[in-house]
């Protein structure tokens, strides 16, 4: 939808032939005012084709498309954060300029985030990357380059920024349950401190946003945390890893005392 709102015309929404895929494509095509077709009947007359499928399917889709159409003078993107443009090598060999174009944003059912100010990681052929930069700019995003051999590290960074952050919050809910607070109540009660922490991180930076017993160097409190978390082994492992990261990457008092507790 962002592409149409930015002034681009979407000619076709291509899906697999299964009923679920066709249903989703039909809904999207109606919103985008585009034709809905299956991969069997796709003509792909557009100058730009954007492949938005699971990572494991990108290479297979590219090979399938390469057999059926003339690809000279077209541009093809894929949206994987972890995989490079080399997944589209079979199309590159047919005369197509290819690139990976990945927004550093979370997309889940029931939420449609704005792309305004969203970073897009670009990698691939010069011509395709130039075209991608223009599209990202028109979408309101901010393009930056990533080297193909660092795509997996880039994607892991994104993992820390969203899905693993959710995993951390769910782990916190389990600790709250052990403390006698229900999951739903824990979620409500955590939101003010979570929001303020993110606000502090954004406005003050990580060092000044860091608080609690580690920054104070209170090894005794950390030792008590480690002891009671033995009842929740997975949470204890998460706590240990994050505490060690805090001691290593952030300013703390009593660093040696904390390191001793965490090693024990």
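For the criterion of being within 18 Å of the chain's Cα centre (by Cα), exposed (fewer than 15 other Cβ atoms within 10 Å of the Cβ) and within 30 Å of residue 71 (Cβ to Cβ), residue 160 fails. In this structure, residue 211 does satisfy being assigned to a loop (DSSP other than H, G, I, E, B) and not assigned by TED's automatic domain parsing to the domain that holds residue 99.
Among the listed residues 246, 158, which satisfies the condition of being modelled with pLDDT of 95 or more, touching a helix residue (DSSP H, G or I) at 6+ places or on another chain (Cβ under 6 Å) and either over 30 Å from residue 101 (Cα atoms) or in a helix (DSSP H, G or I) (or both)?
Working: 158 fails: touching a helix residue (DSSP H, G or I) at 6+ places or on another chain (Cβ under 6 Å).
Every option except 246 fails the conditions.
Of the candidates 180, 217, the single residue that is modelled with pLDDT of 95 or more and surrounded by fewer than 12 Cβ atoms within 10 Å (Cβ to Cβ) is 180. Confirm whether residue 117 is assigned to a loop (DSSP other than H, G, I, E, B), without any contact (Cβ under 8 Å) to a residue 40 or more places away in the chain and assigned by TED's automatic domain parsing to the domain that holds residue 235. For residue 117, the condition - assigned to a loop (DSSP other than H, G, I, E, B), without any contact (Cβ under 8 Å) to a residue 40 or more places away in the chain and assigned by TED's automatic domain parsing to the domain that holds residue 235 - is not met.
Mind telling me which of the residues 176, 184, 202 ends up being farther than 30 Å from residue 99 by Cα, under 23 Å from the mean Cα position of the chain (by Cα) and assigned by TED's automatic domain parsing to the domain that holds residue 244?
Details: 176 fails: under 23 Å from the mean Cα position of the chain (by Cα); 184 fails: under 23 Å from the mean Cα position of the chain (by Cα).
After ruling out the rest, the residue left standing is 202.
Hey, could you check the range 141-157 for residues that are within 26 Å of residue 3 (Cα to Cα) and touching a residue at least 40 places away in the same chain (Cβ under 8 Å) and say which is surrounded by the most Cβ atoms within 10 Å (Cβ to Cβ)? Checked the range 141-157; the qualifying residue surrounded by the most Cβ atoms within 10 Å (Cβ to Cβ) is 151. Residues in the range 52-59: is at least one outside any loop (DSSP other than H, G, I, E, B), at pLDDT below 95 and in contact with a strand residue (DSSP E or B) (Cβ under 8 Å, 6 or more places away or on another chain)? Checking the range 52-59: not a single residue is outside any loop (DSSP other than H, G, I, E, B), at pLDDT below 95 and in contact with a strand residue (DSSP E or B) (Cβ under 8 Å, 6 or more places away or on another chain). Checked against (1) over 31 Å from the mean Cα position of the chain (by Cα); (2) under 21 Å from residue 172 (Cα atoms), residue 259 passes all but condition (2). It is to be established whether one or more residues within the range 183-204 are out of contact with any helix residue (DSSP H, G or I) (no Cβ under 9 Å at 6 or more places or on another chain), crowded, with 16+ Cβ neighbours inside 10 Å and closer than 30 Å to residue 82 by Cα. Checked against the condition, which is being out of contact with any helix residue (DSSP H, G or I) (no Cβ under 9 Å at 6 or more places or on another chain), crowded, with 16+ Cβ neighbours inside 10 Å and closer than 30 Å to residue 82 by Cα, the range 183-204 yields no hits at all.
When residue 181 is tested against (1) touching a strand residue (DSSP E or B) at 6+ places or on another chain (Cβ under 9 Å); (2) free of Cβ contacts under 8 Å to residues at least 40 places away in the same chain, only condition (1) is not met.
The values are calculated or read from the model by the stated rules, or taken from the named source; none is laboratory data. Everything quoted here is computed from the prediction, not taken from an experiment. Ideal geometry is used to build each Cβ from the backbone, glycine not excepted, and the neighbour counts take in all protein chains shown.
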